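The values are calculated or read from the model by the stated rules, or taken from the named source; none is laboratory data. Just so it is clear, the structure is predicted and the values come from calculations on it, not from any experiment. So basically every Cβ, Gly included, is an ideal-geometry build from the backbone, and we count neighbours across all protein chains shown. All accessible areas refer to the heavy atoms of the entire protein, side chains included, with ligands and DNA or RNA removed. Shrake-Rupley method; radii C 1.70, N 1.55, O 1.52, S 1.80 Å.
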Amino acid sequence: MNGGKAGSKFTQAIDAETKRVTNDEEWRERYVTWEMDLKIIQEDAEKKGRLAGNKEGRIDTAKALKKQGKLSDSEIAEVTALPLREVAAL
């Protein structure tokens, strides 16, 4: 506690718990593992968000191309990297 002694029972309890956790190897390992898992989950969520947004853009592009009527469904599927069945259903 910044080099000082804990004065109240509350701060003494916090000090004791801090020392216990700091010296508990299993707890520290679980914490580090939890941090790594959290980072993986966050990265995965960000990736999924980008892919979802990306797919929405590709669908919008496919709709616009279909509206123009210049390309076949298979050509639109190839250009937008969407499955042919999705393009055909637009």
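Of note:
- Positions within the stretch 16-38 being open to solvent by less than 80 Å² (accessible area, probe 1.4 Å), in a helix (DSSP H, G or I) and closer than 27 Å to Lys5 by Cβ, in sequence order: Ala16, Thr18, Val21, Thr22
- Applying a threshold of 9 Å to beta carbon distances and a minimum spacing of six or more residues, or different chains, the list of pairs starting in the stretch 66-79 at a residue that is without any contact (Cβ under 8 Å) to a residue 40 or more places away in the chain and open to solvent by less than 80 Å² (accessible area, probe 1.4 Å) and ending at one that is in a helix (DSSP H, G or I) and of a type in the set (Val, Ile, Thr) reads Lys66/Ile76; Lys66/Val87; Leu71/Val79; Asp73/Val87; Ser74/Val87; Ile76/Thr61; Ile76/Val87; Ala77/Val87.
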